[in-house]
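To keep things clear, I will list the structure first and then write my remarks on it.
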2 protein chains.
Amino acid sequence: MQFKTLPGFREFYPEECLQRNHLFSVWRSVARSFGFAEYDAPILEPLELYIEKSGEEIVGQLFNFEDRGGRAVALRPEMTPSLARLVGARANGLKRPVRWFNIGEHYRYERPQKGRLRAFYQFNADILGIEGAAADAELIALMVQSLRRLGLSSEDFRVRLSDRLLWKVILEAAGLEGASASAVLGVVDKMERLPREKTLELLTPHLAEPDAWLTRIEAMMAQVDSVEALKAFLDELHPSLSPDGQTLAAARLAEWQVLLRELKMLGVGDFIRIDLGIVRGLAYYTGFVFEAFETSGDSRALAGGGRYDDLVAKLGGPGMPAVGFAMGDVTVFDLLKSKERLPPCFQKPDVAILVEGETGRGSALQLATVLREQGCSVEVPLKAQSMNKQLKAAQQKGAAVAVCFYPELAEGAEVRVRHFADRTERTLALDEAASLVLATLDQAAFPDEL
Amino acid sequence: MQFKTLPGFREFYPEECLQRNHLFSVWRSVARSFGFAEYDAPILEPLELYIEKSGEEIVGQLFNFEDRGGRAVALRPEMTPSLARLVGARANGLKRPVRWFNIGEHYRYERPQKGRLRAFYQFNADILGIEGAAADAELIALMVQSLRRLGLSSEDFRVRLSDRLLWKVILEAAGLEGASASAVLGVVDKMERLPREKTLELLTPHLAEPDAWLTRIEAMMAQVDSVEALKAFLDELHPSLSPDGQTLAAARLAEWQVLLRELKMLGVGDFIRIDLGIVRGLAYYTGFVFEAFETSGDSRALAGGGRYDDLVAKLGGPGMPAVGFAMGDVTVFDLLKSKERLPPCFQKPDVAILVEGETGRGSALQLATVLREQGCSVEVPLKAQSMNKQLKAAQQKGAAVAVCFYPELAEGAEVRVRHFADRTERTLALDEAASLVLATLDQAAFPDEL
C-alpha cells in the first residue's frame, strides 16, 4: 500500500528542513532585535473564534470538524484571533506595549497553486496596547528588516501603505456610509485585478456617478505618492466633508506625517510607497494598512498587516489598540529561490570517527562522546567496513576532519587525523586528538549551522 | 463573548515559550552532535496511514475527520508512519544509515491528566537502513544524552532495556505462538500495573499452567539483570526450545553482549537497567525495546523506542531495518520543573533607548537600527513619556544598558549611557555610543538567549 501526502501539505526532507529553519532563525533573531517576545497558541481552536472574527463565510476555507467531545473546532487559518484571546485574558498583568511574535503553521482549505498551499508557515508580529503611528512604523520597520536580513533589497520588494480611515473620509465625500461604503471598499480591494468595465459594473449599484467617481479614484491612486500630494487631495475633498469628516481628515494627515517621518528615521524609507489602492480585504482593520510585495513578476504579497484597534474587545478582552503583520513562508521562499538568495543548506558532520576492526572501538566511541559534548557534530561507524570505504564516505558527506582508529595504531594508543580540506594527515597520540580536532575546527570556523 | 482554549491544548505565554524553546534547542543541538539531520512532515495525514500501522483500534484516540474533498484525514498521533513514508519514498537516493530527527507536535484524543495532554511535542530520532546492536546503542546514547544535557542525571532517570525477540524465545518455551503469544505479551506489558490475581486471570485462557509460568516469569524479571544472568536463564530454557528457537536465543545473547558493550563505551552504561518487564504495547517492534523513566515518584516514561525492521516495507517502501525513539515534552517538563532544573526564562532587552521630547528622536532610532543590525535586542519608546518613567520601565524590564537622548544634549550630539548593573552613567558623544554599548554588552556577555 502506497501513501501520499495530502494535497497542499509539504514534506521537509533534511535540505528543505534546513532552508525552512534558516527562514525561522532569521525571523526569530530580527524579532528579538526589536525586543519582541515569542508566544504560541494551539493549532486547533473553537470554530466560533474564527466566525466571531471573520464572519460565517470564513468556514468554507477552513479545515473544521466536530471532535469526539462534540466541539466544533478548526485548524487555525491565522494567528490573530488566538493572539487577541491570549492578550485579552491577561491584559491587566502585561506590560504595555506588548511586543509579541510567533512563527507557526496555519491551514486553509483552498485550491493549492503557486504561492498558496493548504498548510503554510507565518511569521506574525504585533504591538498591542498602544495607539499612534510610531508603533505602526516600528512594526513596518520590523517587517522590512526581516525581509532585508533574508538577503532582499529595495529592488526586490516594496511596502505599499494605505489607510482605512482615510478611505472612510474619501467614501464619506462620495456620500457613502455603512454597508455601501464597505461594498465599495470591497470593489476597490479587487480593482487592481479587474478590467475597468468590471469595476464600473460592480460600483454602479452603490454610486450616483460611478464613472466620474472611478476616474477620480484612479487619479488619486496615481497622484497621491507623498504627504504633500495627500494634503492637496484632502484639501480638494474638504468642501464635500462634514465637520467630523474634516476633523478626521486633518487627524489622518498628521498621522501620515508622523508615520513617514518615523519610517525614514528607522532607515526603511526607501522601501515605502504610498498606495491608496491597498485596502486589504479583512474588515477588522481600523487605520493604516500595508503590504510588502515583490517588485518583479506578478508582484505577489510577501506580508501584510495593519492596525486593528477593536478586535481584542470583540473577542472578549478589554479595549486594546493593536497593530500587526503576518509574513508567509511560501511566497517569501519562492522569491528567495528565484533570486538565488538562499544560503547553501547541506548538513555536514564536523568530524567522522572511523574504526577498522574492534581494537580501537572503545577509544573511538569515547572520543566521539567528548567531542559531542563540546558541540561538535560527530559520526561514528555503525557497522564493520574497510578504512578506505569509510574515508570515502566521510569525504562525500563533507566532514572537515576524520579521526582514524587503525588496529595497528590502537596498541600504541595512536590515531591518524586527516583534514579533508588540505588532504594532510598526522599520526598522533590519542589523548592529543580531541584538542587538535577542536583547535582545527575552531580555526576553520565550524561550518555555519543553520 | 469569551473564548477558551480547547481541553488538553496549551497556550505558551512568552516565559513558557522560552522554556519550550530551551527544550527544543537542547534536543536539536544534541541530535546534531550525533550527526542527525532534521526533517519534518505534515501534521495532517491520511487516516489510513495510521490504521495500516496500528490497526483500527487507533481511530478511537485520534482527531480524525473528513476534509472538504471527502478525504479521511487525521492529526498525526505520532511521527513514525510519516517518517517511514518519507524514507521509503527516497530509499534509493538516501545514504545509509539514515540518521534523522524531528521535533514536532502530535495529537491524541485522550482524557487529559498529569503527564498527558491532547497536544504534545515529541523529539523523534531514528536510524534507518542498518541492522545490528551498534545502531541501537547509538540511538539509546542519544536519548540518554538529550536528557543529561537538560540537567538530569542517573539519579533522576534510567533506561530500561528489553527485547521482543527474546520474548519470542521465552513464549516459545512456554509453548506459545501467534495470537496467544501476542495476547500473553499484552498481559506482560500491563502486569506491572495489575494485582497478581488479575494477571493470573488474564493469563489463564492462554497457558496450561498459568501460575507456574507466572512464577517463573516473575523470577526471570527479578533475576535477569546482567548478560551473565541472561545467559544462565537461556541455558535453563534451552531444552524446551526448538532448533530454530535455540539459534535465535544464541543470536540474541550475542546481540545483548554487543549492545551493552557499546553502551558502556558510549559512556551511558550507568543509565542502563536490563528489565524484561518492558514490552512496549506497540505490536510493530522487532528487537530491542527500551524506555527512559524517572527514578522517583510514579516512574513515568520520559521516552521510549525500539527496533522496528518491518514497518517501512509495511507502509509501501522497500525492506529497511530501523530503530528509533520518541521523547515527549510533557513528562520531561514536569520532571525538570519538580527538580528545578529549568534555567531562568525571562526575556530582557539588551538596550533600552530612551528619548525625551522629539529633538533626539531621529538619532535615537538610527542608533537602534545600528545596534539591532549587530544582533542586540533594542527597545525604543513608542509614545512620549518623562525620562524618569522611561528609566524606571527599562530597569524593570531588565535592560542591561539605557541610552538616554535628552533634548539639552541633543544639540551637542551627546547622549547619556546608564549601566543598570553598577548604576554608573556617562555622558558621551553620540558617535561613540554604539561602540561603547557593544563593548559593554560583549564584556558583560549578552544575556543568555534561549
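The values are calculated or read from the model by the stated rules, or taken from the named source; none is laboratory data. Because the structure is predicted, anything quoted here is derived from the model rather than measured. Virtual Cβ from ideal backbone geometry, glycine too; neighbours counted across all protein chains shown. We work out accessible area using only protein heavy atoms, side chains counted, and drop any ligands, DNA or RNA first. Shrake-Rupley method; radii C 1.70, N 1.55, O 1.52, S 1.80 Å.
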* **Any chance A:Gln122 is assigned to a strand (DSSP E or B) and within 12 Å of the chain's Cα centre (by Cα)** => yes
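When you look at A:Gly316, is it in contact (Cβ under 8 Å) with a residue 24 or more places away in the chain, among the small types (Gly, Ala, Ser), farther than 30 Å from A:Val403 by Cα and within 12 Å of chain B (Cβ to nearest Cβ), yes or no?
Numbers: in contact (Cβ under 8 Å) with a residue 24 or more places away in the chain: yes; among the small types (Gly, Ala, Ser): yes; farther than 30 Å from A:Val403 by Cα: yes; within 12 Å of chain B (Cβ to nearest Cβ): yes.
Against the criterion (in contact (Cβ under 8 Å) with a residue 24 or more places away in the chain, among the small types (Gly, Ala, Ser), farther than 30 Å from A:Val403 by Cα and within 12 Å of chain B (Cβ to nearest Cβ)), A:Gly316 qualifies.
So is A:Gln374 touching an Asp or Glu at 6+ places or on another chain (Cβ under 9 Å) and open to solvent by 10 Å² or more (accessible area, probe 1.4 Å) or not? Show your work before the answer.
On the way: touching an Asp or Glu at 6+ places or on another chain (Cβ under 9 Å): no; open to solvent by 10 Å² or more (accessible area, probe 1.4 Å): yes.
Answer is no for this residue.
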* Structure fact -> Counting only helices (runs of 4 or more DSSP H) entirely within segment A:195-262, those with at least 1 residues that are polar (S, T, N, Q) and open to solvent by less than 50 Å² (accessible area, probe 1.4 Å) are A:196-203
* **Tally, over segment B:1-10, of residues that are farther than 17 Å from B:Val332 by Cβ and open to solvent by 50 Å² or more (accessible area, probe 1.4 Å)** => 4
* Structure fact -> When restricted to A:Val159, A:Val98, the only residue out of contact with any Ser or Thr (no Cβ under 9 Å at 6 or more places or on another chain) and within 10 Å of another protein chain (Cβ to nearest Cβ) is A:Val98
* Asked: Residues of segment B:40-80 being within 21 Å of B:Val323 (Cβ to Cβ), modelled with pLDDT of 95 or more, of a type outside the set (Asp, Glu) and touching an Asp or Glu at 6+ places or on another chain (Cβ under 9 Å), which ones?
  -> B:Ala41, B:Tyr50, B:Arg76, B:Met79, B:Thr80
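Can you report the number of residues in segment B:385-400 which are more than 8 Å from chain A (Cβ to nearest Cβ) and in contact (Cβ under 8 Å) with a residue 12 or more places away in the chain?
Our first condition is that a residue be more than 8 Å from chain A (Cβ to nearest Cβ); within segment B:385-400, this holds for B:385-392, B:394-395, B:398-400.
In the following step, the residues that additionally are in contact (Cβ under 8 Å) with a residue 12 or more places away in the chain were identified as B:386-387, B:390-391, B:394-395, B:398-400.
Qualifying residue count, segment B:385-400: 9.
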* To do: Inspect segment A:268-276 for any residue being within 14 Å of chain B (Cβ to nearest Cβ), without any contact (Cβ under 8 Å) to a residue 60 or more places away in the chain and either in contact with a Gly (Cβ under 7 Å, 6 or more places away or on another chain) or buried (at least 21 other Cβ atoms within 10 Å of the Cβ) (or both) and give the result as yes or no.
  => no
* Asked: Is there a residue in segment A:79-91 that is in contact with a Lys or Arg (Cβ under 9 Å, 6 or more places away or on another chain) and within 19 Å of B:Ala72 (Cα to Cα)?
  -> no
* Test set (1) more than 14 Å from chain B (Cβ to nearest Cβ); (2) modelled with pLDDT of 95 or more - A:Arg280 fails condition number -> (2)
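Table: residues versus (1) among the acidic types (Asp, Glu); (2) crowded, with 24+ Cβ neighbours inside 10 Å.
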{"residue": "B:Glu105", "(1), (2)": "yes, no"}
{"residue": "B:Tyr109", "(1), (2)": "no, no"}
{"residue": "B:Glu131", "(1), (2)": "yes, no"}
{"residue": "B:Leu139", "(1), (2)": "no, yes"}
{"residue": "B:Arg148", "(1), (2)": "no, no"}
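Would you confirm whether or not segment A:111-122 contains a residue that is facing chain B (nearest Cβ under 10 Å) and over 25 Å from A:Arg28 (Cβ atoms)?
To start, the set of residues in segment A:111-122 that are facing chain B (nearest Cβ under 10 Å) comprises A:118-119.
Checking which are over 25 Å from A:Arg28 (Cβ atoms) leaves us with none.
No, segment A:111-122 has no match at all.
Would you mind stating whether A:Leu176 is open to solvent by less than 40 Å² (accessible area, probe 1.4 Å) and outside any helix (DSSP H, G or I)? Break it down into steps so the answer makes sense when it comes.
Working: open to solvent by less than 40 Å² (accessible area, probe 1.4 Å): yes; outside any helix (DSSP H, G or I): yes.
Considered against the rule, which asks whether it is open to solvent by less than 40 Å² (accessible area, probe 1.4 Å) and outside any helix (DSSP H, G or I), A:Leu176 comes out as yes.
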* **Matching helices (runs of 4 or more DSSP H) fully within segment A:2-90 where at least 2 residues are more than 7 Å from chain B (Cβ to nearest Cβ) and closer than 30 Å to B:Arg111 by Cβ** => A:47-54, A:80-89
* To do: Give the residue, chosen from B:Thr424, B:Thr440, that is among the β-branched types (Val, Ile, Thr), over 14 Å from B:Val378 (Cβ atoms) and either open to solvent by less than 80 Å² (accessible area, probe 1.4 Å) or modelled with pLDDT under 90 (or both).
  => B:Thr424
* **Top-ranked residue in segment B:403-413 [being touching a strand residue (DSSP E or B) at 6+ places or on another chain (Cβ under 7 Å) and modelled with pLDDT under 95; ranked as surrounded by the fewest Cβ atoms within 10 Å (Cβ to Cβ)]** => B:Ala413
* Asked: Which condition number does A:Gly70 fail, the rest of (1) of a type in the set (Gly, Ala, Ser); (2) touching a residue at least 12 places away in the same chain (Cβ under 8 Å); (3) at positive phi being met?
  -> (2)
